[in-house]
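Before any comments, here is the structure.
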Amino acid sequence: MATLTKISPSRMGPPRFGNRPHNIDTSVKKYQLTPEQLERYKNGEKLDDILKGEDTMKQQKPKVISYAKYEEVVAERDELKKQLEELQANIAPENDNGMEWLKREAIHAHKLVTEKEQEVEHWKELFETAMGDKERLHKENLLLENQIQRLKEANDELTAKNERYFADLMRLEQEVKGLRLYALQKLHIDVYGA
C-alpha cells in the first residue's frame with residue numbers, strides 16, 4: 001500500500017533566493033573615443049594606455065600663441081573657406097550636367113529595355129508558331145508513316161499474288177506445251193498412220 005510523503009512547510013510556496021545583500025558593481029562606464037584614439041585601439045593598443053595618454057595631455061598647460069599667429073591661422077581658414085566655396089560652385093553645374101546625363105541614360109536604357117521586350121515577344125510568338133507547326137508536322141509524319149506501312153503490306157500481298165499467278169502461268173504453259181506435243185503426235189499418227 002502506498003504511503004503519503006510529507007513535504008516540509010519550508011519547501012512549500014514560491015522559491016526563495018535569500019535576502020543577503022549582494023556586492024556587485026552595476027555601474028556602467030562609458031568612453032567616447034576620438035577617431036585618433038579609436039585608430040590606436042584598433043591597432044592593438046590597450047584602452048588603459050590610450051586613456052592615460054589623454055589624461056597626461058589634459059594635465060599639460062594649453063599652448064599660448066601670439067596674436068600674429070592667430071591672425072595668420074584665421075587668414076588661412078578664410079582662404080580655405082573661399083576655396084571650398086569655389087569648388088562647390090564648380091561642382092554644382094557639373095553635378096547638374098551629370099544628373100541630366102544620367103536622366104538621358106536612364107531614358108535611353110528604358111527605351112532599349114522596351115525594344116528588347118518587344119523583340120522577345122516577337123521571338124516568343126515565332127517560337128510558339130514553330131512549335132505548333134512542329135507538332136502538326138509530327139502528327140502528319142505519323143499518319144504518313146502509317147500509310148507507308150499499309151502500302152508496304154498491300155505491296156507484299158500483291159507480290160505474293162503475283163508470284164502465285166506466275167507459278168500458275170508457268171504450270172499452265174507447260175501443260176499447254178505438253179498438250180500441243182500430244183496433239184501434234186496424234187495428228188501425225190492420224191494423217192500418216194502408225
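Dividing the Cα radius of gyration of the chain by its Kirkwood radius returns 1.69 for Rg/Rh.
Averaged per residue, what accessible area in Å² does the stretch 107-194 show with a 1.4 Å probe, protein chains only? Each step should come with its number before you reach the end.
Values: 8660 Å² over 88 residues.
Each residue of the stretch 107-194 exposes 98 Å² on average to a 1.4 Å probe.
Think of the chain as having a plus end and a minus end, set by charges on the Cβ of Lys, Arg, Asp and Glu; of 155, 38, 98, 38 sits farthest toward the positive end of this dipole. For the residues 11, 104, 16, a 1.4 Å probe over the protein chains yields an accessible-area ranking, largest first, of 11, 16, 104.
The angle between the Cα long axis of helix 47-59 and the main principal axis of the chain comes to about 40°, on a 0 to 90 degree scale.
What separates the Cα centres of the stretch 116-175 and the stretch 99-114 is a distance of 57 Å.
The values are calculated or read from the model by the stated rules, or taken from the named source; none is laboratory data. Predicted, not measured: the structure shown is a model, and the values here were computed from it. FYI the Cβ positions are ideal-geometry reconstructions off the backbone, even for glycines, and counts take in every protein chain you see. For accessibility, only protein heavy atoms count, side chains too; no ligands or nucleic acids. Shrake-Rupley method; radii C 1.70, N 1.55, O 1.52, S 1.80 Å.
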